[in-house]
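Trainee: Encoded as structure tokens, here's the structure I'll be asking about.
A short reminder: the numbers here are calculations on the coordinates, not readings from a lab. In this text the structure is predicted, and so the values were computed from the model without any measurement. Cβ: placed from backbone, ideal geometry, glycine included. Neighbour counts: every protein chain shown.
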Amino acid sequence: MSVIATARKTASTPASDENDVRARRLAMQFSASPAHDILRHAIQEEFPGKIALVSSFGAESAALLHLVAEIDPATPVIFLDTEKHFAQTLSYRKKLAKQLGLTNIRDIHPDKEAVAEKDPDGDLWKRDADACCTLRKVVPLTGALDGFDAWITGRKQFHGGGRVNLPAFEASGDHIKVNPLIRWTADDVQHYAAAHDLPPHPLVEQGYPSIGCWPCTHPAAADDDIRAGRWRGAAKTECGIHMSAV
Ligand code: SF4
């Protein structure tokens with residue numbers, strides 16, 4: 001499928017009724033379940049061989065990667081290498097993969113020809129951040145998820161915005177998104193990391209509580225919303241992979 005066709009599909013594919021019913025059933029069934037139970041069911045019973053974790057290897061990623069590795073270290077992990085990540089994120093991705101024994105990490109890059117056409121100078125993020133996220137995240141993710149029925153996200157209700165009412169399972173286009181950490185707090189993430197000796201992303205100690213691409217990520221004050229440093233000063237709060245029906 002061409003990049004343009006993929007983008008059109010991404011922007012316009014609603015969840016099927018069947019997918020919607022399945023997601024609602026699962027969300028009700030696991031509405032009070034701990035993260036490990038949700039993940040174990042999703043990976044081993046509901047979507048065996050048809051589920052991937054999508055991870056940014058950001059500030060909160062280690063806990064979910066560890067949970068998944070404990071269940072099955074060969075679970076596919078999709079890392080969207082937008083080619084705009086901090087160098088620290090790329091080294092953290094390698095370090096965590098090794099420590100956790102993850103054996104199936106897939107580094108997904110944007111299409112070279114599409115980047116040459118739409119972002120030849122590399123600063124599309126300044127002119128049109130939504131178009132940049134579509135080019136570097138949404139379209140590559142759509143291709144990477146081909147053949148999967150479900151994908152796992154690390155979103156949490158305490159992040160606020162459109163995440164406050166997230167269910168554990170939700171229909172999204174041809175896929176079901178699994179959100180095992182919806183009820184976790186920032187303290188839960190820290191306690192889990194400490195209990196399992198998980199290394200922090202190196203930028204956390206420099207004041208970055210949420211980490212994405214370098215042009216769109218800034219430090220945040222301790223009393224700021226956790227995602228306040230993302231697209232600071234813009235109305236944008238999500239990168240697009242959670243706004244499209246991927
Ligand atoms: S987060 Fe910023 S640099 Fe990264 S893809 Fe989106 S707009 Fe582009």
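Trainee: HN-Hα J couplings of the stretch 66-80 from phi, Karplus 6.51/-1.76/1.60, θ = phi - 60°, integer Hz, Gly and Pro as x?
Mentor: Once θ is set to phi - 60°, the couplings for the stretch 66-80 become 5, 4, 5, 4, 5, 7, 6, x, 8, 4, x, 10, 9, 10, 7 Hz.
Trainee: Given a 10 angstrom Cα cut-off, can you work out which residue in Ala131, Ala32, Ala97 is the most mobile in a GNM of the chain?
Mentor: With Cα springs under 10 Å in the chain, the top fluctuation among Ala131, Ala32, Ala97 is at Ala32.
Trainee: Would you mind counting up the charge near Ile105? Only other residues with Cβ under 13 Å from its Cβ, with Lys and Arg at +1 and Asp and Glu at -1.
Mentor: Details: positive: Arg93, Lys94, Lys95, Lys98, Arg106; negative: Asp81, Asp107.
Around Ile105, the charge tally is +3.
Trainee: On to the next question. Sum -39500 (n - 2.57) across every DSSP H segment of at least 4 residues in the chain, then divide by the residue count to get the 222 nm mean residue ellipticity, nearest 500. Each step should come with its number before you reach the end.
Mentor: Values: 10 runs with 86 residues, N = 246.
Computed ellipticity for the chain at 222 nm equals -9500 deg cm²/dmol.
Trainee: A follow-up question, please. So which lysines pass the test for Lys177, namely a Cα distance under 19 Å, with those fewer than 8 places away in the same chain ruled out?
Mentor: Once the sequence-local lysines are set aside, what remains near Lys177 is Lys9, Lys50, Lys137, Lys156.
Trainee: Based on alpha-carbon positions alone, could you give the equivalent ellipsoid semi-axes of the stretch 111-213 from the gyration tensor, as √(5λ), descending, whole Å? Walk me through the numbers on the way to the answer.
Mentor: Details: eigenvalues 163, 86, 36 Å².
In descending order, the three semi-axes are 29, 21, 13 Å.
Trainee: Could you give the radius of gyration (one decimal) and Dmax (whole number) of the Cα atoms in the chain, in Å?
Mentor: Reported Rg and Dmax, both Å: 17.2, 49.
Trainee: How charged is the neighbourhood of Arg22? Take every other residue with its Cβ under 10 Å from the Cβ of Arg22, and add Lys/Arg as +1 and Asp/Glu as -1.
Mentor: Numbers: positive: Arg24, Arg25; negative: Asp17, Glu18, Asp20, Glu46, Asp149.
Net charge around Arg22: -3.
Trainee: On to the next question. Using Cβ counts within 10 Å as a stand-in for footprinting exposure, how do Ser61, Ser31 rank, fewest first?
Mentor: Details: Ser61 23, Ser31 13.
Ranking Ser61, Ser31 by Cβ neighbours within 10 Å, fewest first, gives Ser31, Ser61.
Trainee: Sticking with this one: State, to one decimal in nm, how far the label point of His196 lies from the label point of Gln157, with both points 7 Å from Cα in the Cβ direction.
Mentor: Placing both labels 7 Å along Cα→Cβ, they lie 2.2 nm apart.
Trainee: Compute a Gaussian network model of the chain, connecting alpha carbons closer than 10 Å, and tell me which residue from Val138, Val178, Val115 fluctuates the most.
Mentor: Val115
Trainee: Another question, if that's okay. Show the residues, 5+ positions off or on another chain, whose built amide H is closer than 5 Å to the amide H of Gly207.
Mentor: none
Trainee: If you build a Gaussian network model of the chain, linking Cα atoms that sit under 10 Å apart, which residue out of Ala195, Ala144, Ala27 swings the most?
Mentor: Ala195
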